[in-house]
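Single-structure report; data block below.
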Amino acid sequence: MVDASSAYLAIGLMALVTLGTRIGGAYVMRFVPLSARVERFLEAMSSSVLAAIVVTFVARGSLRELSAVAVAILVMVAIRSPVWAMIAAMAVAGGWSMLAG
Amino acid sequence: MDLPETSPPAGSSNTSRATSAPVTLTYEGVVRGARRLVPVSVFVIPFGIAYGVAAIEAGLTVDQAIAMSAFMFAGASQFAAIDLWQGPLPYLSLALVVLAVNARHLILGAAISPYVNQLPPGRWFLALCLLSDVNFADSYKLMKTGYRDAGLILGGGLLMWVTWLAATIVGVFAGAIATNLDYLGVDVVMAAFFGALTVGSVSGWRTGLPVLVACGVALLTMPLLPSGWNIIAAALAGGVVGAFLPVEEKGDREPTAHG
């Protein structure tokens, strides 16, 4: 269980960090231009972090989670629609839970 | 919100140049920005609902789940945060994971800086405080062709914010009513969404290799590091690989659409 005060502390902290990313890029540009290498770092990092979260989730889960994520990726590759990828994964995972018990 | 329609502009520092007419931020610009994004904002609704339901399942209260959407307004990082939502809350890894997921905002802000940095401090803040992929893509396109009202960014952001919040509220109450969310597959929404976003951001080995390295590092360090830190290690590793890959020779690079 997470108590209310630590929950709001965490939300406030994350809100500040997010706001920092929104204003930080333009702020830094007042003093030094962002180098192309720094931009490549940030760009690669923001896709890497999402991929890392997915593989961690799958590694912690069972075949149910693996199948759902695999289907989401296949749908995305096939029709490039994140909404349908999400719906397909939910259908696989939901169906799996119903059949398994 | 991080929708995969746009990628951040690589090398915006090359494309930044001084602009002639002064940049303003007016009410008309705000209204125009909001109107322009009405069709796009609809696509945020399913994700907002999914986030709301998933947040309740992760153990957030109704107020906390809604507060997170209101104050963060950054879908991918909110999903990432609720994935780490276990008491005692790991503040540092929450902050760092949110920083890594939202790092792309830094690139968007840098790209649009030639325009917004002409504004006085208060308006400068207003123009940037709701910056996201969607309103960036729309405003950047217009401002490059000579439009000078940064209200466009704020207006688009406000519309997306209201939509995101409303969709969250729907999801939160749906989640609070539903009994067994596993039957709906809600627990896989985040992974499916992130998997789709990753696929959308990869085009060729330059973008693919950092992601592969990150996956490897995440798996290898998972048994060694406390919760969330394997993700931070993986994000850093992927970022470093991306930064040091040989650069493709291209001219004036711009934000490109993936899909």
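The values are calculated or read from the model by the stated rules, or taken from the named source; none is laboratory data. What you see is a predicted model; the values in this text were computed from it and never measured. Because the Cβ atoms are built from the backbone with ideal geometry, glycine has one as well, and the counts that use them run over all protein chains shown. The accessibility values were calculated without ligands, DNA or RNA, using every heavy atom of the protein model including side chains. Shrake-Rupley method; radii C 1.70, N 1.55, O 1.52, S 1.80 Å.
Chains A and B: buried accessible surface, both sides, probe 1.4 Å, rounded to 100 Å²?
Numbers: alone 8340 and 13410 Å², together 14670 Å².
Summing both chains' loss of accessible area gives about 7100 Å².
Per residue, how big is the convex hull of the protein assembly as shown when only Cα atoms are used? Give it in Å³.
130
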Give the accessible area for residue A:55 in Å² (nearest 10); use a 1.4 Å probe, count only protein heavy atoms, and leave out ligands, DNA and RNA.
30
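Using the heavy atoms of the protein chains and a 1.4 angstrom probe, tell me the accessible area per residue for the protein assembly as shown in square angstrom.
Working: 14670 Å² over 360 residues.
For the protein assembly as shown, the per-residue accessible area is 41 Å².
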Please identify the longest segment of chain B free of exposed trypsin sites (Lys or Arg not before Pro), where exposed means a DSSP state other than H, G, I, E or B and no more than 15 other Cβ atoms within 10 Å.
B:18-249
In nm², what is the average projected area of the convex hull enclosing the Cα atoms of the stretch B:202-246?
2.9
On Cα atoms only, tilt of A:82-100 relative to the major axis of chain A in degrees
40
Heads up, I need the accessible area for residue B:129: 1.4 angstrom probe, whole protein in place, Å², nearest 10.
30
Carbon + sulfur, % of accessible area of the protein assembly as shown - ligands and nucleic acids excluded, 1.4 Å
71
Helix-only [θ] at 222 nm, the protein assembly as shown, -39500 (n - 2.57) per DSSP H run of 4+, per residue, nearest 500, equals -23000 deg cm²/dmol
Which residue, B:247, B:30, B:38, has the most motion in a Gaussian network model of chain B that connects Cα atoms within less than 10 Å?
B:247
Once each part is reduced to its C-alpha centroid, what is the distance from the stretch A:37-87 to the stretch B:176-209 in angstrom?
5
Just read off the accessible area of residue A:3 with the full protein assembly in place, 1.4 Å probe, to the nearest 10 Å².
90
Averaged across the residues of B:56-67, what count of C-beta atoms belonging to other chains lies within 10 Å of each residue's C-beta?
2
Taking each full run of DSSP H in chain B as one helix, which ones are at least 20 Å long along their axis (Cα atoms) and have mean Kyte-Doolittle hydropathy of at least 0.0?
B:151-177, B:205-221, B:229-244
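Given chain A, report the % of alpha carbon pairs whose separation exceeds 24 Å.
Working: 2621 of 5050 pairs.
So the pairs more than 24 Å apart make up 52 percent of the total in chain A.
Rg(Cα) of the stretch B:39-169 divided by 2.2 N^0.38 Å? Let's see the in-between values first.
On the way: Rg = 15.8 Å, N = 131, 2.2 N^0.38 = 14.0 Å.
So the Cα radius of gyration is 1.12 times the expected 2.2 N^0.38 Å.
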I'd like the FRET efficiency for residue B:27 and residue B:224, computed as 1/(1 + (r/R0)^6) with the beta carbon distance as r and R0 of 41 Å, rounded to 0.05.
0.15
Take chain A, connect every pair of alpha-carbon atoms lying under 10 Å apart with a spring to form a Gaussian network, then pick out the residue of A:37, A:60, A:22 with the largest mean-square fluctuation.
A:22
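Accessible area, 1.4 Å probe, largest first: how do B:153, A:79, B:56, B:45 sort?
A:79, B:45, B:56, B:153
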Under 15 Å, Cβ to Cβ, from residue B:238 - net charge with Lys/Arg +1 and Asp/Glu -1:
+2
Quick one: if you take sqrt(5λ) for each eigenvalue of the C-alpha gyration tensor of chain B, what semi-axes come out, biggest first, whole angstrom?
31, 25, 15
Residue of B:245, B:25, B:236 that the Gaussian network model of chain B assigns the largest fluctuation, springs spanning Cα pairs under 10 Å
B:245
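Under a Cβ-Cβ cut-off of 15 Å, what is the net charge of the residues other than residue B:30 that fall near it, where Lys and Arg count +1 and Asp and Glu count -1? Numbers along the way, then the final one.
Working: positive: B:32, B:35, B:36, B:123, B:148; negative: B:28, B:138, B:149.
My count for the surroundings of residue B:30 gives +2.
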